[in-house]
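Novice: Starting off with a structure, shown below.
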Amino acid sequence: MITRRVYCLNIFFVIAVLATLMQAQESLREAYPHDDFTIREERICMRDGVELYTLILTPKEQSKPLPILIERTPYNATRLLGGHPSARLAVAVGTKFMGMDYIYVAQDIRGRFKSDGDYETYRVPRGSFNPTETDETTDAWDTIDWLVNHVPNNGRVGIWGTSYPGWLSLAAMRDPHPALAAAVPFNPVVDVWKADDWFHWGAFRADYAFAYIYDMETRHDESTPFPYPIQDTYAWMLTQGAAGLGLSEHMDDRHQMWQRIMSSPSYGPYWQDVAADQWFEDPPRLVPALHVHGYWDQEDIYGAPAVYTAIETHDTNNNRNFFAAGPWYHGQHFKEGTTLGSLDFDQDTAKRFRQEVLEPFLRHFLHGDLSKTIAPVTVFETGANRWREFDQWPPGEPNSSLYLQPEGGLGFSAPLAESSATSFVSDPAKPVPYAPRPTWTPDYGNPPTIAAWQRWLVEDQRFVDGRPDVVTWVSEPLEEALTIRGPVTAELFASTTGQDADWVVKLIDVYPDDDPEFVMSGFQLMVSGDIFRGRYRTDYEQPQPLQPSKVLRYEIPLPHVNHTFLPGHRLMVQIQSTWFPLYDRNPQTWVESIMVAPPEAYQAQTHAVHHDRQYATRLRFYGEQ
């Protein structure tokens, strides 16, 4: 470690001196006598000499050494101050404030905002795709090492962060510094191919990926939203054609992640190296972790349950790996959590989580307060609107099936018909919107677009009523409550006249037509839904064409739920083949890469969902009555 520090001082001495002078002239904010905290800005040197901007907020009054809470981020470390011109740390930090007995730290990762070095979105760990001596794991290690040696502390460091910073928190756990005592990855990016940022089971999230990568990689010292000529992206994306042809015209060599996606649409070694749940097959040390999930996370709905499950196999005493889930959009755990869209949960679920789960977890592992404990699993149960605790997640193995029936019925017994199927025509020229139009690209500087983006998974699904390319099955009203917990799997038997197809499966809670809450009457709430690209039916790495008109079996993973269907409610399953423009369109004819499919490849095809004795399409889950 001494060698690395000397290297930084010798080679980058002039740069460091100039940076120090500039910081002295342009400090983040003035210090005031009535501040109850100090602001310290540092440039921490990594093992290869690159310096990372780090902001340190320390309470002035300390009765004992304090632990350190750090967030490593690509989104501007100075946001830790929250933009509030306050002398009180509690106001400046906002909902991330855990008390006056923590040192709060934020750091810009390489190449972002005030940090040196080259930026790479989701920098792949050292290995075949990263021949350098550094990655996000080593940068976290070097940062923690500097902090514990240069900032008075109690020897315990916690790392936390939401989304991309959640992925960075997992990277720190991969080869943890001895002082790393706790981690809280909130809604972390985990597997960008299976069902997080870039793809969902092979279907490309074209609208989202394009907007994000353009914003992040056009300039590294600020966000750069793309100037859409048409604000309704449904209309604009239809003019772009295949992503690798139309959208690529707006990208250049700066947009490295876009180039990676265009060249690697299948689940190859690169995506597997980046997938955080594959980092913990043999962890050198199990860092106590609280994995935080949102049931309606519109960005990274796969990550938290997946990495919790991967690490749980190593937690032999069930006291170091924890799971929490709430009825939240992406990042709502740090916002107000009483409502989401039209849903009302009768309490501020986010505040209660922070007070009764997050705060005790941090105090136990960072302060050594043994009186503060939490259950291994703490999850909110939607529908019933109550918190539940379990020893593991999910609390049981799949024990129930919900079968599609002839004539649009839905029940818990397998269909008896000898032959039965529901057909529909899927036309790529007229795709089903994923949300009510207009569909706007999320812009965090534009509140209406963000509000629409945050609620799209809980939109009333009646907005697709009457479309001939959305087929529906619905149960009779329930006589008693049914609770579904954990992952849901769709076992779909389907055929198509084409050679490829996407399948969208949605599990919906249908409220009574005369609901006590009048505005919810007949509401169709999607409690779990996802998309699957047919060409990956048998192999995620090697796509294969579908055999036209042949009934094929698909196993489609759907997001985790913890939901109670109340008496009088009905269960519904909807199936369609497009979710546009969030997901790119499948041409439905065979092309080697959909990214560069020519216009003539996009053709309407007839799909059929089968529900008979031989081909019994169903949803499998763990249920309680």
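Taken together, the values in this text are just the output of simple stated rules run on the coordinates, not laboratory data. Bear in mind the structure is a predicted one, so any value in this text is a computation, not a measurement. Because the Cβ atoms are built from the backbone with ideal geometry, glycine has one as well, and the counts that use them run over all protein chains shown.
Novice: So what's region 368-481 giving for Rg/Rh, alpha carbon basis, Kirkwood Rh from the mean inverse pair distance?
Specialist: Computed over Cα atoms, the ratio is 1.09.
Novice: State the extension gain, in nm to one decimal, for the chain segment bounded by Asn149 and Gln278, taking 0.36 nm per residue of separation less the distance between their alpha-carbons.
Specialist: Values: separation 129, 0.36 × 129 = 46.44 nm, distance 3.15 nm.
Separation in residues times 0.36 nm, less the Cα-Cα distance, equals 43.3 nm.
Novice: What is the set of long-range amide H partners of Asp443 at a cut-off below 5 Å, with H atoms built 1.01 Å from backbone N?
Specialist: Long-range HN contacts for Asp443: Thr449, Ile450.
Novice: Which whole-Hz couplings ³J(HN,Hα) result when phi for each residue of region 420-426 is put into the Karplus expression 6.51 cos²θ - 1.76 cosθ + 1.60, θ = phi - 60°, listed in order with x for Gly and Pro?
Specialist: Values, residue by residue: 7, 8, 10, 10, 7, 9, 9 Hz.
Novice: Dividing the Cα convex hull volume of region 199-270 by residue count, how many Å³ per residue is that? Each step should come with its number before you reach the end.
Specialist: Numbers: hull volume 7.1 nm³, N = 72.
Given the Cα convex hull of region 199-270, per-residue volume reads 98 Å³.
Novice: Show me 456-469, 327-340 ranked by packing, highest mean number of other Cβ atoms within 10 Å first. It would help to have the intermediate numbers written out before the result.
Specialist: Working: 456-469: 16.2, 327-340: 20.4.
So the order, starting with the most tightly packed, is 327-340, 456-469.
Novice: Compute log10 of I(q)/I(0) for region 400-624 with the Debye formula, placing one identical point scatterer on every Cα and leaving out solvent, at q = 0.07, 0.13 Å⁻¹, to two decimals.
Specialist: So the normalised log intensities are -0.23, -0.79.
Novice: What relative contact order, as a whole-number percentage, does region 400-624 give when Cα pairs under 8 Å and 6 or more residues apart are counted?
Specialist: That works out to 37 percent.
Novice: Quick one: length gained pulling Arg79 to Asp232 fully straight, 0.36 nm per residue minus the C-alpha distance?
Specialist: On the way: separation 153, 0.36 × 153 = 55.08 nm, distance 3.00 nm.
Extra length from Arg79 to Asp232 when fully extended: 52.1 nm.
Novice: If you don't mind, another one. Let's test this: bin the Cα-Cα distances of region 425-474 at 10 Å from zero up to the farthest pair and state each bin's percent.
Specialist: Per 10 Å bin, starting at zero, the Cα-Cα P(r) for region 425-474 comes out as 22, 45, 26, 7, 0 percent.
Novice: Rounded to the nearest 0.05, what FRET efficiency is calculated for Ala375 and Arg285 with R0 set to 35 Å and r the Cβ-Cβ distance?
Specialist: Values: r = 23 Å, r/R0 = 0.66.
Taking R0 as 35 Å, the efficiency between Ala375 and Arg285 is 0.90.
Novice: State, as an integer percentage, the relative contact order of the chain based on alpha-carbon contacts under 8 Å between residues 6 or more apart.
Specialist: Working: 1418 pairs, mean separation 83.0, N = 625.
Result for the chain is 13 percent.
Novice: A further question follows. Under the Kirkwood approximation applied to all pairs of distinct alpha-carbon atoms, what is the hydrodynamic radius of region 115-253 in Å? Please report the intermediate quantities before stating the final value.
Specialist: On the way: mean 1/r = 0.0573 Å⁻¹.
Its Kirkwood hydrodynamic radius stands at 17.4 Å.
Novice: Determine the principal axes of the Cα atoms in region 154-224, then give the extent along each, sorted from largest to smallest and rounded to whole angstroms.
Specialist: Reported extents, whole Å, longest axis first: 45, 32, 17.
Novice: List the GluC sites (Glu not before Pro) within region 461-511 that DSSP assigns to loop and that have no more than 14 neighbouring Cβ atoms inside 10 Å. Spell out each step's value before the answer.
Specialist: Details: sites: Glu479, Glu480, Glu491; in loops: Glu479, Glu480.
Passing sites in region 461-511 are Glu479, Glu480.
Novice: Right, something else. What translational diffusion coefficient, in µm²/s and rounded to a whole number, does the Stokes-Einstein relation yield for the chain at 4 °C and a viscosity of 1.567 mPa s, taking the hydrodynamic radius as the Kirkwood radius over Cα pairs? Working shown, then result.
Specialist: Numbers: Rh = 25.7 Å.
Estimated diffusion coefficient is 50 µm²/s.
Novice: On to the next question. What nm distance separates the two modelled labels at Ala31 and Ser400, each placed 7 Å from Cα along Cα→Cβ?
Specialist: It is 6.0 nm.
Novice: Calculate one ³J(HN,Hα) per residue across region 457-470 by plugging θ = phi - 60° into the Karplus curve 6.51 cos²θ - 1.76 cosθ + 1.60, and present them in order as whole Hz with x for glycine and proline.
Specialist: The phi angles translate into 6, 10, 5, 4, 6, 5, 5, 9, 4, x, 6, x, 9, 10 Hz.
Novice: Another one. On a full-extension model of 0.36 nm per residue, what is the gain between Val91 and Gln62, subtracting their alpha-carbon distance, rounded to one decimal in nm? Spell out each step's value before the answer.
Specialist: Working: separation 29, 0.36 × 29 = 10.44 nm, distance 1.85 nm.
The Val91-Gln62 span can extend by a further 8.6 nm.
Novice: So if we plug the beta-carbon distance of Ser549 and Asn385 into 1/(1 + (r/R0)^6) with R0 = 51 Å, what FRET efficiency do we get, rounded to 0.05?
Specialist: On the way: r = 46 Å, r/R0 = 0.91.
Efficiency for this residue pair is about 0.65.
Novice: Peptides 247-254, 567-574, 195-202: what's the order by average Cβ count within 10 Å, highest mean first? Could the numbers behind the result be given before it?
Specialist: Numbers: 247-254: 14.9, 567-574: 19.2, 195-202: 24.5.
Output ranking for 247-254, 567-574, 195-202: 195-202, 567-574, 247-254.
Novice: Here is a follow-up. Between the alpha-carbon centers of region 103-148 and region 280-354, tell me the distance in whole angstrom.
Specialist: Cα centroid to Cα centroid, the span is 24 Å.
Novice: Still on this structure, I have one more. Return the calculated 222 nm mean residue ellipticity for the chain, to the nearest 500 deg cm²/dmol, obtained by summing -39500 (n - 2.57) across DSSP H runs with n ≥ 4 and dividing by the residue count. Provide the component values of the computation, followed by the final result.
Specialist: Values: 13 runs with 118 residues, N = 625.
One gets -5500 deg cm²/dmol as the mean residue ellipticity at 222 nm.
Novice: Which value results for Rg/Rh of region 250-387 when Rg is the Cα radius of gyration and Rh the Kirkwood radius based on the inverse mean 1/r? Walk me through the numbers before you get to the answer.
Specialist: Details: Rg = 18.1 Å, Rh = 17.2 Å.
Rg/Rh: 1.05.
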